[in-house]
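K.L.:
Attaching a single structure in structure tokens format; questions to follow.
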Amino acid sequence: MTIESMPALHGVRTPLPGPRSAELLARQADRESAARSYPRRLPIALRRGSGSYVEDADGNVFIDFLNGAGVLPLGHSHPELIGVVQHQAAELAHGLDFPTAVKDEFTTALLSTLPEAMRSTARVHFSGPTGTNAVEAALKLCRTATGRSEVVAFHGGFHGMTAGSLAASSEGSLRASSPGVHFLPFAYCHRCPLGLRPESCDTNCAAYLERVLTGSHTGLARPAAVLLELVQGEGGVVVAPQEFVRRVREVTARLDIPLIVDEVQTGCGRTGRWFAFEHYEIEPDVLVLSKMLSGSGMPTAVVVYHERLDSWRPGAHTGTFRGNQLAFASGTAYLRIARRDGLLETVSARSTQLRRGLDELAARLPQLISEVRSLGLMLGVEFSHADGSPWPEAASATQQEALARGLIVEIGGRADCVVRMLPPLNLDEATAHHALELFGAAVEAVSKRFA
């Protein structure tokens, strides 16, 4: 299966799940944890992938807008990255935190993507293989540097599944108890947490944050950090308004509170800039990166932070798998390919194409779709009843109808009423057009079902 052959092979040829997928799903259910998630909504067993496509165990070929939860900027099995990983695997796979030429080259390439004003004062901490490891490290860094313990996070935020990251994530059914984390409203204007209207709001979420941080009787001591996503991915592709972010940055800087920007999902090019914070013309004190960092799905995560916070003692934060040489080699190659191929420009073009198509669909079917949101190639379609309440059944039905037509999308957001899309960044125009056709047909079918 090659990228070139995928459009011709695309299609669903069996009932889902097909017989081989059904067999593997049953074996998984017998032997794996009850916490497994994606196959419950997307009942297929994967065999292989190439570019924007995956094939299941029964030969059905899908356009993949889940994309490994957004970790594959160049799609599945990119041949140049495969070659780099294979070469590095024969040299050195694991290096703890020893310096290597491969790691040094990757660090140089990563720092070169930062705005120029940040490069000379930036420090990089290799924290472990996943985003949640980096979030934990960022929180620990800020607590160590400030001598303070409390953290401010936001409604709708998600930062990972380990105890500290989960404590700073807002979903009640998942989060761990942590008395030192305080949740404040995020500017989700479609469903305003303060019950206001955008035209008369004056960004009251940011104003409320400032009052809580500066008031003498709010019950919150000056925190060690404010932890913020600029686009809440798991929260439903909620894009923070410009003024909200700028005011959060202004008040945290004025009060000397480190601002941690979690770009596990948005970083490394997904929004059409290397980092989402560039769209807001701010500079965070701490930046958290993972997912697309290696370009190939090889796990790695880093914390990039201002040198003034670098008060750790040697060995203060370690991890066995923080020296993944395969990830470093493929990450350097990814950044080189991205620049060579004009990947950020492609993201902007495909984002415009997909957003236009989704907006047109929402205009045709306002009885189902209440809002389309996007920044770059993070896209969300929110489904609501006529009274404005969330409609998770419609979102779920759309996901199933899309899968039956050969398109894989994800569900998320408050009440699981948002269909999410995280396509590869090198998505071509023809595949994007086909995906829009498939998604439109899926929503039309759901519209008839709920008519």
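Quick note: the coordinates plus some simple rules give every number you see, no bench work behind them. Bear in mind the structure is a predicted one, so any value in this text is a computation, not a measurement. Don't worry about glycine lacking a Cβ; one is built from the backbone with ideal geometry, like all the others, and counts go over all protein chains shown.
K.L.:
Given the -39500 (n - 2.57) contribution per DSSP H run of 4+ residues, what per-residue ellipticity at 222 nm results for the chain, rounded to the nearest 500 deg cm²/dmol?
P.N.:
The helix-only estimate for the chain comes to -11500 deg cm²/dmol at 222 nm.
K.L.:
Test of understanding: what is the full-extension gain from ALA415 to GLU307, defined as 0.36 nm times their sequence separation minus their Cα-Cα distance?
P.N.:
34.9 nm
K.L.:
Separate question: Restricting to Cα pairs below 8 Å that are 6+ residues apart, what does the relative contact order work out to for the stretch 81-340? Please round to a whole percent.
P.N.:
That works out to 31 percent.
K.L.:
Separate question: Roughly speaking, what is the stretch gain from ARG246 to GLU80, that is 0.36 nm per residue apart minus the C-alpha to C-alpha distance, in nm to one decimal?
P.N.:
Taking 0.36 nm per residue and subtracting the Cα distance, the gain is 55.9 nm.
K.L.:
With a cap of 14 neighbouring Cβ atoms within 10 Å, and only residues DSSP puts in a loop, list the GluC sites (Glu not before Pro) found in the stretch 276-341.
P.N.:
GLU281
K.L.:
Going by amide H atoms built from the backbone, whose H comes under 5 Å of the H on PHE154, apart from near neighbours?
P.N.:
So PHE154 has HN proximity to LEU184.
K.L.:
Give a residue-ordered list of calculated ³J(HN,Hα) values for the stretch 130-147 (Karplus: 6.51 cos²θ - 1.76 cosθ + 1.60, θ = phi - 60°; whole Hz; x for Gly, Pro).
P.N.:
Couplings: 10, x, 5, 4, 5, 5, 4, 5, 5, 5, 5, 4, 5, 5, 5, 5, 9, x Hz.
K.L.:
Shifting gears a bit: Among all the lysines, which ones have a C-alpha under 28 Å from LYS103's C-alpha, if same-chain residues fewer than 8 places away are not counted?
P.N.:
Leaving aside lysines fewer than 8 places away in the same chain, those within reach of LYS103 are LYS140, LYS291.
K.L.:
Also: Please tell me the relative contact order of the chain in percent, rounded to the nearest whole number, where contacts are Cα pairs under 8 Å and at least six residues apart.
P.N.:
Averaging sequence separation for qualifying contacts and normalising by length gives 20 percent for the chain.
K.L.:
Output the peptides 333-339, 36-42 sorted from most to least packed, where packing is the average of other Cβ atoms within 10 Å over each peptide's residues.
P.N.:
Ranking, from highest mean packing down: 333-339, 36-42.
K.L.:
Take the alpha carbon atoms of the stretch 1-56, find their center, do the same for the stretch 263-280, and report the distance between the two centers in whole angstrom.
P.N.:
30
K.L.:
Where the only charges are on Cβ atoms (+1 Lys, Arg; -1 Asp, Glu), what is the dipole of the chain about its Cα centre, to the nearest 20 debye?
P.N.:
Here the size comes out at about 600 debye.
K.L.:
Among 23-34, 321-332, how do they line up by average Cβ neighbours within 10 Å per residue, starting with the highest?
P.N.:
Going by the mean number of other Cβ atoms within 10 Å, highest first, we get 321-332, 23-34.
K.L.:
Here's a follow-up. On each of the three principal axes of the Cα atoms of the stretch 81-340, give max minus min coordinate, whole Å, ordered largest first.
P.N.:
59, 38, 38
K.L.:
Suppose R0 equals 30 Å; then what is the FRET efficiency for GLU105 and ALA316 from their Cβ-Cβ distance, rounded to the nearest 0.05?
P.N.:
Computed FRET efficiency for GLU105 and ALA316 comes out at 0.70.
K.L.:
Under a 5 Å amide H to amide H cut-off, with H placed in plane at 1.01 Å, what residues pair with ARG48 once short-range neighbours are removed?
P.N.:
GLU55
K.L.:
On full extension of the chain, what length is gained from HIS385 through ALA207, given 0.36 nm per residue of separation minus the C-alpha to C-alpha distance?
P.N.:
Taking HIS385 through ALA207 to full extension adds about 61.0 nm, to one decimal.
K.L.:
Could you work out, for the chain, what percent of all Cα-Cα pairs fall into each 10 Å distance bin, beginning at 0 Å and stopping at the bin that holds the largest distance?
P.N.:
Per 10 Å bin, starting at zero, the Cα-Cα P(r) for the chain comes out as 4, 20, 31, 27, 14, 3, 0 percent.
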